[in-house]
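Contents: one structure, followed by commentary.
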Amino acid sequence: MFDFQDKVVVVTGGAAGIGKCICEEFEKAGAAVCVIDVRGNSYFVGDLADKETLERFVEKVISDHGKVDFLINNAPPLSCGIGACSYEDFDYALKVGVTAPFYLAKLLMPYFGERASIVNISSSRDRMSQPQTESYTAAKGGIAALTHGLAVSLAGKVRVNSISPGWIDTGYRVYEGADALQQPAGRVGNPLDIANMVLYLCSDMAGFITGENICIDGGMTRQMIYHDDCGWKLDV
């Protein structure tokens with residue numbers, strides 16, 4: 001479906017989960033993929049929260065390939081809440097989740113190829129929360145806002161969009177019963193649901209889409225549930 005021959009892709013957090021699936025799909029489509037992750041991988045191991053690490057990573061990518069066509073900011077920030085999250089924890093989450101995507105875009109600006117694209121992986125938590133998840137929610141809200149900021153600043157050179165996944169099971173487990181039925185789509189998501197949209201947004205088929213956020217959550221954030229709806233009761 002997609003042809004990315006001679007394209008170069010940077011994927012943060014590409015060693016596992018959604019990021020790994022994104023890498024695999026780009027490779028199937030012919031792209032050269034450059035991963036940065038704190039976990040082991042065959043390209044570059046490093047901490048996105050460290051400025052010098054980001055600079056060394058970009059130097060390697062440009063030395064190896066001379067350009068970048070697509071930047072996929074996927075690495076997940078630390079998740080902790082106001083009860084236990086320290087100043088340093090919260091700061092680290094924002095460095096990984098917001099500062100690194102901004103700085104990578106800045107470092108790569110001179111090297112983006114023609115019809116380049118940035119796709120930021122946010123979360124449906126950019127608009128809703130569970131208790132004690134403030135660092136993650138703040139980082140995901142930040143990258144969603146960064147998306148339209150970069151889309152305007154890079155207009156005419158790079159299209160910038162974001163995706164907000166809902167419940168994505170990275171082990172491809174098939175859920176039944178309430179876990180599946182609570183979602184209007186009737187199932188829990190898997191990494192291909194996100195990877196397919198990433199590749200679409202990087203393709204020429206999405207050439208008129210920029211500054212947009214696409215929520216891929218099986219419809220969960222569109223479903224209003226009150227006490228005594230759908231068998232749900234508030235325990236007070």
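We did not get these values from a lab; they are worked out from the coordinates using the rules stated. This one's a predicted model, so the numbers in the text were calculated from it and none came from an experiment. Glycine gets a Cβ as well: all are built from the backbone with ideal geometry, and neighbour counts include every protein chain shown.
Within segment 61-89, the set of residues being within 22 Å of Ile118 (Cα to Cα), charged (D, E, K, R), without any contact (Cβ under 8 Å) to a residue 60 or more places away in the chain and touching a Cys at 6+ places or on another chain (Cβ under 8 Å) comprises Asp64 only. For segment 112-128, indicate whether the set of residues that are among the small types (Gly, Ala, Ser), touching a Phe, Trp or Tyr at 6+ places or on another chain (Cβ under 8 Å) and assigned to a helix (DSSP H, G or I) is non-empty. No, every residue in segment 112-128 fails to be among the small types (Gly, Ala, Ser), touching a Phe, Trp or Tyr at 6+ places or on another chain (Cβ under 8 Å) and assigned to a helix (DSSP H, G or I).
Output the residue which, of all residues in segment 201-236 that are assigned to a helix (DSSP H, G or I) and free of Cβ contacts under 8 Å to residues at least 40 places away in the same chain, is farthest from Leu150 (Cα to Cα). Once the filter is applied, the top-ranked residue is Arg222. Output yes when any residue across segment 39-47 is of a type in the set (Val, Ile, Thr), part of a helix (DSSP H, G or I) and in contact with a strand residue (DSSP E or B) (Cβ under 7 Å, 6 or more places away or on another chain), and no when none is. Checking segment 39-47: not a single residue is of a type in the set (Val, Ile, Thr), part of a helix (DSSP H, G or I) and in contact with a strand residue (DSSP E or B) (Cβ under 7 Å, 6 or more places away or on another chain). Within segment 165-200, the set of residues being assigned to a loop (DSSP other than H, G, I, E, B) and among the polar types (S, T, N, Q) comprises Thr170, Gln182, Gln183, Asn190.
A quick yes/no check of all residues on (1) charged (D, E, K, R); (2) assigned to a helix (DSSP H, G or I); (3) under 30 Å from Pro131 (Cβ atoms):
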site	(1), (2), (3)
Arg56	yes, yes, no
Phe70	no, no, no
Ala75	no, no, yes
Cys80	no, no, yes
Gly83	no, no, yes
Glu88	yes, yes, yes
Tyr92	no, yes, yes
Ala100	no, yes, yes
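Put simply, of Ala144, Ala116 the only residue that is farther than 27 Å from Ser63 by Cβ and touching a residue at least 40 places away in the same chain (Cβ under 8 Å) is Ala144.
Against the test of being out of contact with any Leu (no Cβ under 9 Å at 6 or more places or on another chain) and surrounded by fewer than 24 Cβ atoms within 10 Å (Cβ to Cβ), the options Gly19, Gly46, Gly40, Gly14 yield a single qualifying residue, Gly40.
Kindly check whether there is at least one residue in segment 130-146 that is over 17 Å from the mean Cα position of the chain (by Cα) and under 27 Å from Glu24 (Cβ atoms).
Step one: filter segment 130-146 for residues over 17 Å from the mean Cα position of the chain (by Cα), giving 130-134.
With under 27 Å from Glu24 (Cβ atoms) added as a condition, the list becomes none.
Looking for residues that are over 17 Å from the mean Cα position of the chain (by Cα) and under 27 Å from Glu24 (Cβ atoms), one finds none in segment 130-146, hence no.
Going by the conditions given, is Thr53 hydroxyl-bearing (Ser, Thr, Tyr) and surrounded by 19 or more Cβ atoms within 10 Å (Cβ to Cβ)? For Thr53, the condition - hydroxyl-bearing (Ser, Thr, Tyr) and surrounded by 19 or more Cβ atoms within 10 Å (Cβ to Cβ) - is not met.
Taking the condition of being polar (S, T, N, Q), out of contact with any strand residue (DSSP E or B) (no Cβ under 6 Å at 6 or more places or on another chain) and farther than 20 Å from Gln223 by Cα, how many residues in segment 115-135 meet it? Number of matching residues: 3.
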